[in-house]
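The values are calculated or read from the model by the stated rules, or taken from the named source; none is laboratory data. All values reported here derive from a predicted model rather than from experimental measurement. A quick note on method: Cβ atoms are made from the backbone with ideal geometry, for glycine too, and the neighbour counts reach across all protein chains shown.
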Amino acid sequence: MKYPLFKVHVDVSAAMIGIESVLKSGFINEGAQVSEFKKSFQVYTQSKNVTLTNSCTSALTMALKIAGVDNDSEVITTSMTCVATNTPIKHLGGKIIWADIDLQTGNICPKSVEKKITKKTKAVICVNWAGLPCDLKLLQKICNKNNIKLIQDAAHSLGAEVDGKDICHFADMTCYSFQAIKHITCGDGGAIICKNDKDYKLAEKLKWFGLDRDETKDENGEWKGQRWEQDIITAGFKFNMNNLAAAIGISQIPHMKSLVDKHRKNAKLYSDLFLKNSEINSLKYPSASSPSFWVYTVLLDEKINRDKVIEALNSAGINAGLVHVPNHPYTCFKDSFVSLRGVDEFAKRQVSLPCGWWLSSEDVNFIAKTLLKLCKNEKQL
């Protein structure tokens, strides 16, 4: 495709220097490079409680474990997301309770969440669709009132802000993705940021069998030998990041601001071009927030044949499509099935457009005008 929906940004020269250094060191597992990437991400997010993982799915699993999810608990979540948001709930034995979304945002609806809370609710998972922050302040208020954890799946929303602060400051735990098609990549990888120190200390242990990995490192972050004399109180996982992944991540952190700024610039151009058009509706987001626009999602008029429009866009070299589809119809979630009007309507009308750093203003203009023309023609049929 001439205009891909996703494109990996890698500073190849810087990444190769880091990768070569790791390979020559003879130590590929978690060590100095992971420590360096962690420090860089702490600075970027302005949060000290960063735990790096091998994926966002692992980070979410840890967050749910910290929240106390087990086979006698419930988790309120959204169906409009990657299935990786919700499979960890099943793996830990929790019961999924679907909340509906706000059609205008694609994000979980706080009113729907509040109605679904019971004595068994341990956590609420919110997903910032396409990089547009949820109503995090209201969700956190609801969770605090009911003494439950707010877990933020920020796989789409690295770099997004609320009130000028990173979104991680507005949830009990925030999980990020450095997977191959995200804002930045480690090949694969993730992170969990915990608001309080107690949760953070548990996250540090859960990532590595239940042992505190930092106690096995020297002042430079290098591994200095096993510490099996530690007691394992809570059984953990093998979810730590390795030095090769971290070396790739380190090379990308310096570019984060410029990358996200370009995504925002392209999104604003789309918004301006679609502003007065009734066939194409841009998603809304809280006024105090600054999205990172992983992709640019629009909702087409219900009279338009969405699938035909996507097919025509693809034929024109524009890799538009569906980023995710609803989770609740999947067989693996059949015991939690419920009708979700907002999700169903959003799923029928959604189209995600390329919005990234690789697109020029001319490219965005071409994509927008192509979509406008196709929608006009479709509606006239």
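Does segment 183-207 hold any residues that are farther than 18 Å from VAL34 by Cβ, touching a residue at least 24 places away in the same chain (Cβ under 8 Å) and either surrounded by fewer than 24 Cβ atoms within 10 Å (Cβ to Cβ) or more than 18 Å from the chain's Cα centre (by Cα) (or both), and which are they? Talk me through it step by step, then tell me what you get.
In the first step, residues of segment 183-207 are kept if they are farther than 18 Å from VAL34 by Cβ; the result is 183, 195-199, 202.
Of the ones still in play, those that are also touching a residue at least 24 places away in the same chain (Cβ under 8 Å) are 183, 195-197, 199, 202.
LYS195, ASN196, ASP197, ASP199, LEU202, listed by residue number.
Taking the condition at pLDDT 95 or above and in contact with a Gly (Cβ under 6 Å, 6 or more places away or on another chain), does ILE310 pass? So ILE310 passes the test. Checking LEU300, LEU275 one by one, the residue that is hydrophobic (A, V, I, L, M, F, W, C) and either in contact with a Phe, Trp or Tyr (Cβ under 6 Å, 6 or more places away or on another chain) or buried (at least 17 other Cβ atoms within 10 Å of the Cβ) (or both) is LEU300 and no other. Of all residues in segment 121-133, those satisfying the criterion of being closer than 20 Å to HIS328 by Cα and either assigned to a loop (DSSP other than H, G, I, E, B) or under 21 Å from the mean Cα position of the chain (by Cα) (or both) are LYS122, ALA123, VAL124, ILE125, CYS126, VAL127, ASN128, TRP129, ALA130.
Give the number of residues within segment 49-67 that are part of a loop (DSSP other than H, G, I, E, B) and within 16 Å of the chain's Cα centre (by Cα). Steps first, answer last, please.
Keep residues of segment 49-67 that are part of a loop (DSSP other than H, G, I, E, B), which gives 49, 54-55, 67.
Of the ones still in play, those that are also within 16 Å of the chain's Cα centre (by Cα) are 54-55.
The number of residues fulfilling the criteria is 2.
Suppose the filter is part of a loop (DSSP other than H, G, I, E, B), surrounded by fewer than 22 Cβ atoms within 10 Å (Cβ to Cβ), not assigned by TED's automatic domain parsing to the domain that holds PRO354 and not polar (S, T, N, Q); does LYS137 pass it? The answer is no for LYS137.
Filter segment 18-48 down to the residues that are assigned to a loop (DSSP other than H, G, I, E, B) and closer than 23 Å to LYS198 by Cβ, then identify the one that is modelled with the lowest pLDDT. Spell out how you get there, then give the answer.
Filtering segment 18-48 down to residues assigned to a loop (DSSP other than H, G, I, E, B) leaves 26-31, 46-48.
After this cut, where a residue has to be closer than 23 Å to LYS198 by Cβ as well, the list is 30, 46-48.
Details: GLU30: 91, GLN46: 97, SER47: 97, LYS48: 96.
The qualifying residue modelled with the lowest pLDDT is GLU30.
When each of ILE108, ILE96, ILE17 is tested for being surrounded by 24 or more Cβ atoms within 10 Å (Cβ to Cβ) and assigned by TED's automatic domain parsing to the domain that holds ALA245, the lone residue that passes is ILE108.
Determine, yes or no, whether ILE142 is farther than 30 Å from TRP358 by Cβ and either at pLDDT below 95 or assigned to a strand (DSSP E or B) (or both). In short, no.
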